[in-house]
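Shown next, in structure tokens, is the structure this report addresses.
The values are calculated or read from the model by the stated rules, or taken from the named source; none is laboratory data. Please read all numbers here as calculations on a predicted model, not as lab measurements. Cβ: placed from backbone, ideal geometry, glycine included. Neighbour counts: every protein chain shown.
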Amino acid sequence: AATQGHSKQRMLEKDRKYVWHHMSPHNEGPMIIVSGEGCWLTDMDGNRYYDAISGLWCVNIGYGRKEMAKAAAEQMDNVAYVPMTQAHIPGIELAERISEWLGGGYRILFSNSGSEANEAAFKIARQYFNQIGQPERHKFISRHRAYHGSSMGALAATGQAQRKMRYEPLGTGFLHVPPPYCYRCPFGQNKDSCRMECAEIYDQVMEWEGAQTVAGVILEPVITGGGMIVPPQDYMKRVKEICDKHGALLIVDEVICGYGRSGRRFGHHNFGVQPDIVTMAKGLTSAYSPLSATAVREDLYDAFRLSGGLDHFRHINTFGGNPVSCAVANKNLEIIERERLVDHASELGRRLRDRLMSLASHPYVGDIRTFGFAAGIELVEDKETKKPASSDLIAKVMTACKQRGLLIGKNGDTTPGYANVLTLAPPFVAAFEEVDWMVSTLAIALSMLPLYDGKEVGLTNGWRE
Ligand code: PMP
């Protein structure tokens, strides 16, 4: 019924003729998905796939939630849109809820996407410094490998050259520092010699740039899309101290890490830091409707307001915070609370980590990194040199998983050869047995890889133990 009488062949022809996809679809052509239930997606042929990457790290409560559809329909029935200059009940309730989820004391500006939420954060930060008489503060520091969005400012903050190079000039005033990438420490350190140079570097960069020109730092709690790069436990705290020392703001991008993915309500809650600005999208509605938010600490908002900043805050977003998306987000957060999905995600994450460790001795598995209910498995062709696994090897693993009904992600850097991190971030409604199945499917896929370096790779040679 979900195919509504359409033929797959005809649909694929039209897709090829009319649709410009955001990312080039898989060589064999895109799957045409017609329905979803829990963690499972069904394509036009009736094949079912377990979505172990939650769409793109966003369908946290799972697919096919009737309550969500009902919340959207009821709101559309009441009033589908309210002009931005007025208010509506779902929006007011959601702003309060987001502030509470953050621990209180935030003011919320709505947009539609993660990119827009970050753009708004940059504009708010720059205008804030204008308002308080420090107009020279305009620079933002982010990390190489980070992804913060596709628009000209958010892309400028992104630290992956290949995503940017055909679109320059982008927004200006964006600087990058090396990521806290312990497996390939950019400072050449190891666990014993580490002095958290990856955090201290902000101090030096701010001094060398002229700290009075720096508006803020933007970072994700862990770099997700850039390859699940998990920082040392004290990293974020130290970065916040350095920001405070130099009068710069800390903007935390919770687009992926927020709403339970990290095992806490927000990723930064794992690190004992209170950000000045928090941006969020994706999991805010579990992708049932586009919505994003920029949360600004109340005292910053007050300074902004009291200096007359609101009167010339030139920022318009027609659909941002529309009542339907807000009603959907409220329902999403209600479900997460009611079903205790943040705690569940945390438990699922522990199980995932535990099971993944059985893969650690596989010759191609260089590093396993987890954060809450998300994991990155970095594949290398040589554990000594850490040569990244080729895109061909990565494709082989993904295809073998897909053939067994498991969709996993591929992340890392867009620099050729560095998209070598397999990622798992299933919906929070996953069952423990499904976590086990995911990992054993991945193990089978790995065991099918060709040999390297004379070592035999297979299920029988004991690497799984
Ligand atoms: N920040 C992060 C950390 C993201 O992962 C993404 C999207 N993958 C964005 C921002 C941009 O979000 P959107 O695609 O909704 O613009």
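Considering region 226-236, and only residues there that are assigned to a loop (DSSP other than H, G, I, E, B) and crowded, with 24+ Cβ neighbours inside 10 Å, the residue that is nearest to the ligand (Cβ to nearest atom) turns out to be Gly226.
Restricting the first member to region 350-373 and to residues that are part of a loop (DSSP other than H, G, I, E, B), and the second to residues that are surrounded by fewer than 21 Cβ atoms within 10 Å (Cβ to Cβ) and among the charged types (D, E, K, R), the beta-carbon pairs closer than 6 Å and six or more apart or on different chains are Pro363/Lys455. Screening the candidates Leu348, Leu359 for the property of being among the aliphatic types (A, V, I, L, M), surrounded by 13 or more Cβ atoms within 10 Å (Cβ to Cβ), within 23 Å of the chain's Cα centre (by Cα) and in the same structural domain as Cys58 (by TED's automatic domain parsing) yields one hit, Leu348.
Scanning region 279-298 for residues that are more than 10 Å from the ligand (Cβ to nearest atom), among the charged types (D, E, K, R) and part of a helix (DSSP H, G or I) yields one hit, Glu298.
Yes or no, residue by residue, for (1) in the same structural domain as Thr224 (by TED's automatic domain parsing); (2) of a type in the set (A, V, I, L, M); (3) closer than 30 Å to Glu116 by Cβ; (4) surrounded by 17 or more Cβ atoms within 10 Å (Cβ to Cβ):
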| position | (1), (2), (3), (4) |
| --- | --- |
| Pro169 | yes, no, yes, no |
| Phe174 | yes, no, yes, yes |
| Pro180 | yes, no, yes, yes |
| Cys185 | yes, no, no, yes |
| Gly188 | yes, no, no, no |
| Cys194 | yes, no, no, no |
| Cys198 | yes, no, yes, yes |
| Tyr202 | yes, no, yes, yes |
| Met206 | yes, yes, yes, yes |
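Return a yes/no flag: does region 94-107 have any residue that is within 16 Å of the ligand (Cβ to nearest atom) and either in contact with a helix residue (DSSP H, G or I) (Cβ under 9 Å, 6 or more places away or on another chain) or not polar (S, T, N, Q) (or both). Scanning region 94-107, I find no residue that is within 16 Å of the ligand (Cβ to nearest atom) and either in contact with a helix residue (DSSP H, G or I) (Cβ under 9 Å, 6 or more places away or on another chain) or not polar (S, T, N, Q) (or both), so the answer is no.
Scanning region 141-163 for residues that are more than 14 Å from the ligand (Cβ to nearest atom), at pLDDT 95 or above and not in a loop (DSSP other than H, G, I, E, B) yields a single hit, Ile141.
Is it the case, given these coordinates, that Thr414 is polar (S, T, N, Q), surrounded by 15 or more Cβ atoms within 10 Å (Cβ to Cβ) and assigned to a helix (DSSP H, G or I)?
Spelling it out, it is not the case that Thr414 is polar (S, T, N, Q), surrounded by 15 or more Cβ atoms within 10 Å (Cβ to Cβ) and assigned to a helix (DSSP H, G or I).
Across region 127-167, the qualifying residues are those that are of a type in the set (Phe, Trp, Tyr) and closer than 24 Å to His22 by Cα, and the one among them that is surrounded by the fewest Cβ atoms within 10 Å (Cβ to Cβ) is Tyr167.
Is it the case, given these coordinates, that Thr213 is closer than 22 Å to Glu116 by Cβ and among the polar types (S, T, N, Q)? So Thr213 does not fit the description; no.
Screening Val255, Val239 for residues that are in the same structural domain as Ile277 (by TED's automatic domain parsing), of a type in the set (Val, Ile, Thr), touching a residue at least 24 places away in the same chain (Cβ under 8 Å) and within 16 Å of the ligand (Cβ to nearest atom) leaves exactly one candidate, Val255. For region 261-276, check the following and say yes or no: at least one residue is more than 14 Å from the ligand (Cβ to nearest atom), touching a Ser or Thr at 6+ places or on another chain (Cβ under 7 Å) and at pLDDT 95 or above. Within region 261-276 (the criterion being more than 14 Å from the ligand (Cβ to nearest atom), touching a Ser or Thr at 6+ places or on another chain (Cβ under 7 Å) and at pLDDT 95 or above), the answer is yes, since at least one residue qualifies.
Which one of these is part of a loop (DSSP other than H, G, I, E, B), out of contact with any His (no Cβ under 9 Å at 6 or more places or on another chain) and among the acidic types (Asp, Glu): Glu168, Glu116?
Glu168
Screening Tyr81 with (1) hydroxyl-bearing (Ser, Thr, Tyr); (2) in the same structural domain as Asn411 (by TED's automatic domain parsing); (3) touching a helix residue (DSSP H, G or I) at 6+ places or on another chain (Cβ under 9 Å) gives one miss only, at (2).
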